[in-house]
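**Student:** There's a structure below that I have some questions on.
The values are calculated or read from the model by the stated rules, or taken from the named source; none is laboratory data. As the structure is a prediction and not an experimental result, all values here were calculated from the model. Every residue, glycine as well, gets a Cβ built from its backbone with ideal geometry; the counts of neighbours run over all protein chains shown.
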Amino acid sequence: MSNAPGPQGHATMTQRRGLLIILSSPSGAGKTTLARRLMDWDPEIAFSVSATTRPPRPGEVDGREYHFRSRAAFEKMVENGEMLEHAWVFGNLYGSPRAPVVAAMEAGRDTLFDIDWQGGQQIRNSSLGKDAVSIFVLPPSLGELARRLRARGQDSEEVIAGRMDKSLAEISHWAEYDYVLVNHDLDATEEALRTILRAERMRRDRQPWLNEFVRGLSRESEERA
């Protein structure tokens, strides 16, 4: 939120428009950790909780990890224009519900999307695309990316090989993003993310109070003439 004081009593207090922050990267490049750090830095950032047709896993709660929906309910949401983006992934549908994003944006809150290039492309091409800022995170090398995937200790070599193939496909879309960061160091990359967000929040077209502020300056000039 921005409090914009006007000149000589022409005070105007208004909220800026919220941002849609699209954060993408190949698996293992640090996207999830960076997203968590960004929200720790600014708790006002809302996280877009995706909807999915896959069943919940043990310990998952509807509305926290995902909005769990039947396939019929999900497809109805798509048909009604209630999804900002959606995709078929590994046998299930995933997507970003539109309503909470619009509510956050109109309240001056930013929404963070942890999505792949396809979802990011759909959001950028949507009616809310002008409010989006897209950031792609690259690993310092493919060798380091493979090392990080193995360090998780969760996947077989066959699964890791599949993730590496998918990573190369993801990386091929890097030039479609507004900003591209190479994650050599988490702290430095986090600071770069903060810098991007600070600058994007200050863009003229995201400060709707400026029009009235400048009109106030004009009125003040006329009164002094």
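**Student:** I'm checking my understanding of the structure. Among residues of segment 7-47 that are of a type outside the set (A, V, I, L, M, F, W, C), part of a strand (DSSP E or B) and surrounded by fewer than 21 Cβ atoms within 10 Å (Cβ to Cβ), which one is modelled with the lowest pLDDT?
**Tutor:** Restricting to residues being of a type outside the set (A, V, I, L, M, F, W, C), part of a strand (DSSP E or B) and surrounded by fewer than 21 Cβ atoms within 10 Å (Cβ to Cβ), the top hit is T12.
**Student:** Give the residue, chosen from E170, E190, that is in a helix (DSSP H, G or I), of a type outside the set (S, T, N, Q), touching a Lys or Arg at 6+ places or on another chain (Cβ under 8 Å) and crowded, with 16+ Cβ neighbours inside 10 Å.
**Tutor:** So the residue among E170, E190 that is in a helix (DSSP H, G or I), of a type outside the set (S, T, N, Q), touching a Lys or Arg at 6+ places or on another chain (Cβ under 8 Å) and crowded, with 16+ Cβ neighbours inside 10 Å is E190.
**Student:** Out of all the residues in segment 192-208, is one or more β-branched (V, I, T) and out of contact with any Pro (no Cβ under 8 Å at 6 or more places or on another chain)?
**Tutor:** Yes: one or more hits.
**Student:** Additional query: Considering V133, V137, V102, which residue is within 12 Å of the chain's Cα centre (by Cα), among the aliphatic types (A, V, I, L, M) and outside any loop (DSSP other than H, G, I, E, B)?
**Tutor:** The conditions single out V133.
**Student:** While we're here: Taking L84, is it assigned to a strand (DSSP E or B), hydrophobic (A, V, I, L, M, F, W, C) and farther than 30 Å from R206 by Cβ?
**Tutor:** It is false that L84 is assigned to a strand (DSSP E or B), hydrophobic (A, V, I, L, M, F, W, C) and farther than 30 Å from R206 by Cβ.
**Student:** Let me ask another. Quick check on segment 86-101. Is at least one of its residues among the hydroxyl-bearing types (S, T, Y) and closer than 24 Å to R163 by Cα?
**Tutor:** Scanning segment 86-101 turns up at least one residue that is among the hydroxyl-bearing types (S, T, Y) and closer than 24 Å to R163 by Cα.
**Student:** Do we find a residue being of a type outside the set (V, I, T), in a loop (DSSP other than H, G, I, E, B), buried (at least 18 other Cβ atoms within 10 Å of the Cβ) and modelled with pLDDT of 95 or more anywhere in segment 58-71?
**Tutor:** Yes, segment 58-71 has at least one match.
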